1. Mind ranking 2-12, 80-90, 143-153 by how tightly packed they are, going by the mean number of other C-beta atoms within 10 angstrom, highest first?
2. For segment 144-171 and segment 117-132, what is the centre-to-centre distance using only Cα atoms, to the nearest Å?
3. In nanometres, what is the gap between the two model label sites at L156 and Q95, each 7 Å from Cα along Cα-to-Cβ?
4. Taking a ≥ b ≥ c as the square roots of the eigenvalues of the Cα gyration tensor of segment 84-177, is the shape rounded (a/c under 1.5), prolate (a/b larger than b/c) or oblate?
5. Could you check how many percent of all C-alpha pairs in segment 43-87 are farther apart than 14 Å?
6. Label segment 51-137 by shape, choosing from rounded, prolate and oblate, from the square roots a ≥ b ≥ c of the eigenvalues of the Cα gyration tensor; if a/c is under 1.5 it is rounded, and otherwise prolate applies when a/b is larger than b/c, oblate when it is not.
7. For W119 paired with E42, estimate the spin-label separation in nm (one decimal), with each label point 7 Å from Cα along the Cα-to-Cβ line.
8. What net charge is computed for the residues neighbouring V114, neighbours being all others with C-beta under 10 Å from the C-beta of V114, Lys and Arg scored +1, Asp and Glu -1?
Amino acid sequence: MEVIRLLPVEQQDRIAARLERSKSLLLSHGIWQRLLDVGESERPLDDDELAPLNEAYYSLRMPCPFLEDEVCSIYDERPSACRELLVTSPPDYCQDMVDNPVDALPVPIRVSTVLGLLWGDLTGTPPRMIPLPIIKNWVERHQPESERTWQGFALLEAALDKIWRFLSQDRNGAPTKLPQDRPIRTSGVQQEFIDKNGRI
């Protein structure tokens, strides 16, 4: 919630009001508690488990509480799930994603998955998926966790380790071997990490 606290007070008030309206609507449709349960789940939920909740949520056609004049008010700090939503279907489909499923572009790895696993390792808790409408509520209930800090380079190393593990697996989850005659192109930080750990 730090990104919200840094906004002008008037903008903070508008976001808070939209979050409250979203909560009221979700409560009236019996969805609020289900979203809270997702945010507190002790285990990762798969797509099949989330499908009924997603359908109920999207059927409300509720705008994101961070939209102002059809523009994301926290674009530079938007959640990784928003950054990863790359679609090729017409924008109009987003108005009714229940009847018009969007065509998402496949990606080799989801950074949101990496960050969720990283958070779990750092805090000793299960990886979390926190639905955006409950973010304020979740942060308030997890204040000590949300205020912890770590050294940036240590976080980068841990994140790169998880990314390499994902990318070095084939489609069946088995480790793949790199061709011996092909050099690895990396940035300086990545190369230092590879040299230090002796693996990708």
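1. 80-90, 2-12, 143-153
2. 11 Å
3. Taking the simple label geometry, L156 and Q95 are separated by 4.5 nm.
4. Note, shape of segment 84-177 comes out oblate.
5. 66 percent
6. Verdict is prolate for segment 51-137.
7. With each label point 7 Å from Cα toward Cβ, the separation is 1.9 nm.
8. Working: positive: R110, K162, R165; negative: D161.
Local charge sum for V114: +2.
Where a number appears in this text, it was derived from the coordinates with a stated rule and is not lab data. Predicted, not measured: the structure shown is a model, and the values here were computed from it. Reconstructed Cβ throughout: ideal geometry from the backbone, glycine too, with neighbour counts over all protein chains shown.
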